[in-house]
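The values are calculated or read from the model by the stated rules, or taken from the named source; none is laboratory data. Just so we're clear, the structure is a prediction, and the values are computed from it rather than from any experiment. Don't worry about glycine lacking a Cβ; one is built from the backbone with ideal geometry, like all the others, and counts go over all protein chains shown. Areas reflect the complete protein model, heavy atoms only, side chains present, ligands, DNA and RNA absent. Shrake-Rupley method; radii C 1.70, N 1.55, O 1.52, S 1.80 Å.
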Amino acid sequence: MLSIVVEHIFLLVIVTLISVLQNAFFATKVEREGKEHNNKTAFERVSCANRNCMDSYPTFLAVMWCAGLCLNQAPAAFAGIIYLVARQKYFVGYMGQTSQSTPGFLFGKRVLAFLILMCIVGIFNFLLVRYFGNDYKDTMETITNAASALLLIP
Amino acid sequence: MLSIVVEHIFLLVIVTLISVLQNAFFATKVEREGKEHNNKTAFERVSCANRNCMDSYPTFLAVMWCAGLCLNQAPAAFAGIIYLVARQKYFVGYMGQTSQSTPGFLFGKRVLAFLILMCIVGIFNFLLVRYFGNDYKDTMETITNAASALLLIP
Amino acid sequence: MLSIVVEHIFLLVIVTLISVLQNAFFATKVEREGKEHNNKTAFERVSCANRNCMDSYPTFLAVMWCAGLCLNQAPAAFAGIIYLVARQKYFVGYMGQTSQSTPGFLFGKRVLAFLILMCIVGIFNFLLVRYFGNDYKDTMETITNAASALLLIP
């Protein structure tokens, strides 16, 4: 039974693994800065960047998995990768700065909005199938696959 | 295959989506307060409220999904909605206060306790079915549906 | 349908429940210290320990569930239990200390690495089955079950 399930989620699992490795990278950075002790502001900065990333991490995971389960895993995993890249950029940008011009508390808003949209479309489609018998799922998946490419535009 | 799965989780997905939107609302509040700079205590307060909410967010998600998968999604999603209302009240109450009489670190304890109870009942029932062949699942679901209405009592 | 699913995840659900109860225990500790007010450093310490635990909680949950779904739930749940014990030790150790010789930002690295390895093996095996038709899953599960006992070595 489970191998059927794995077929539908393995891309999501891979993205989750990458995000976990990224978390470990962030935590290592924070730990190393904390041990040095000679640069208080740098530790503050890294710690703050890490906390912002961690605060939005469960939200990201929940939305990505919901989108992947409700509609299709491929665009959800792709959007997840884009999100991870945005997070990496955010973390590195936060670390390197000397001025406090932080790039904002939130990041990757567009990706999250896209994933939320995917969830809504998936549930809406499911309700349509259940109560009206129409099935636009294939059409939806094609559109979503095409739309996910738009996320690459900066 | 997945459309069968979606039938059993779509209410949970909807509640998850609502909670994500609420998170975004909280984060926006924090960002706006952080930009104003003229009110330090207000920012402290909002930031603290946001962190408390975010700290318990993964716990809530995990319990709600487990309860929904193990027993039945309808009462789990209903309890989730109640939890989100309690969180909203907590956040707004934390923000508006001038004195530090915070309503406690934890909130929605009753809802979480109810969801944990649902999980335990679901697993217990599954083990009963597996090893003894009894199936009280229908009875349990009816009782849980009725019991979830008790959560409305403040 | 769902009872088939529950059969494959009930150990994971039990571990998740235990972790939730542990979270509640940590939060209660923090709340009690916060109410006493006469010991500022103790509150700082407990709060910091709690935050470190909470920061890595979503990561742990994600990895455990992925490993449980991709390969087998028994070793994943066992590793989860080991992780919870490590976390308990970390929290208690953090609380009782008078000096700031914290046992590091990360804990349970070995358990997380084992779970990540399980995920990778599971996905790799799935891809092998899909594209080459081999199925080493039974072998893998036996090896993983045996390897999970190695986690007990301190």
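Suppose accessible area is computed on protein heavy atoms with a 1.4 Å probe; arrange A:L17, A:L152 from highest to lowest.
Working: A:L17 15, A:L152 110 Å².
The most accessible residue leads, giving A:L152, A:L17.
Which of the pairs C:K89/C:K109; A:K40/C:K29; B:K109/C:K29; A:K109/B:K29; A:K29/C:K109; B:K89/B:K109 have their Cα atoms more than 18 Å apart in this structure?
Working: C:K89/C:K109 14 Å; A:K40/C:K29 29 Å; B:K109/C:K29 15 Å; A:K109/B:K29 15 Å; A:K29/C:K109 15 Å; B:K89/B:K109 14 Å.
Exceeds cut-off: A:K40/C:K29.
If you roll a 1.4 angstrom probe over the protein chains with everything in place, what fraction of the accessible area of the protein assembly as shown belongs to carbon and sulfur, to the nearest %?
Details: 14370 of 21880 Å².
Result for the protein assembly as shown: 66 percent of the exposed heavy-atom area is carbon or sulfur.
Where only protein heavy atoms count, and the probe is 1.4 Å, what is the accessible area per residue for chain B in Å²?
On the way: 7290 Å² over 154 residues.
For chain B, the per-residue accessible area is 47 Å².
Where does chain B land at 222 nm, in deg cm²/dmol rounded to the nearest 500, when only DSSP H runs of n ≥ 4 count, each adding -39500 (n - 2.57), divided by all residues?
Values: 5 runs with 127 residues, N = 154.
Using -39500 (n - 2.57) per qualifying helix, the result is -29500 deg cm²/dmol.
³J(HN,Hα) across the range A:70-76 via Karplus (A = 6.51, B = -1.76, C = 1.60, θ = phi - 60°), whole Hz, x for Gly/Pro?
6, 10, 6, 7, 4, x, 5
In debye to the nearest 20, how big a dipole does the range C:19-100 give about its Cα centre with +1 on each Lys and Arg Cβ and -1 on each Asp and Glu Cβ?
Working: 8 positive and 5 negative charges, 23 e Å.
The calculation lands at about 120 debye.
Which far-off residues, 5 or more places away or on another chain, put their amide H under 5 Å from the one on A:G108, with H placed in the peptide plane?
Placed amide hydrogens put nothing under 5 Å from A:G108.
How much FRET efficiency would the formula 1/(1 + (r/R0)^6) give for B:D138 and B:I4, where r is the Cβ-Cβ distance and R0 is 22 Å, rounded to 0.05?
Numbers: r = 20 Å, r/R0 = 0.89.
For R0 = 22 Å, the calculated efficiency reads 0.65.
For chain C, what does the relative contact order come out to in percent, with C-alpha contacts under 8 Å and a separation of six or more?
Values: 119 pairs, mean separation 39.1, N = 154.
25 percent.
Could you give the dipole magnitude of the protein assembly as shown about its Cα centre, charging the beta-carbon of Lys and Arg +1 and that of Asp and Glu -1, in debye to the nearest 20?
Details: 36 positive and 27 negative charges, 274 e Å.
For this selection, approximately 1320 debye.
Tell me the total accessible area that A and B bury against each other, 1.4 angstrom probe, in square angstrom rounded to 100.
Values: alone 9420 and 9410 Å², together 16690 Å².
That pair of chains buries around 2100 Å² in total.
Checking buried surface per residue: for the range C:16-46, which residues lose a minimum of 40 Å² accessible area in the protein assembly relative to the chain alone (1.4 Å probe)?
Flagged in the range C:16-46: C:L17, C:V20, C:A27, C:E31.
Taking every residue in B:49-62, how many Cβ atoms of other protein chains lie within 10 Å of its Cβ, on average? Numbers along the way, then the final one.
Working: counts 0, 2, 4, 1, 1, 8, 11, 5, 8, 15, 13, 2, 6, 11.
That works out to 6 on average.
Run the reach check for A:K35 against aspartates and glutamates, Cα to Cα strictly under 20 Å, same-chain hits fewer than 8 apart removed. What comes back?
Result set, ordered by chain and number: A:E44, C:E44, C:D55.
What are the ³J(HN,Hα) values, in whole Hz, obtained from phi via the Karplus relation 6.51 cos²θ - 1.76 cosθ + 1.60 with θ = phi - 60°, for each residue of the range B:52-66 in sequence order, with x given for Gly and Pro?
Using θ = phi - 60°, the values come out as 4, 5, 5, 4, 8, 5, x, 4, 4, 4, 4, 5, 5, 5, 4 Hz.
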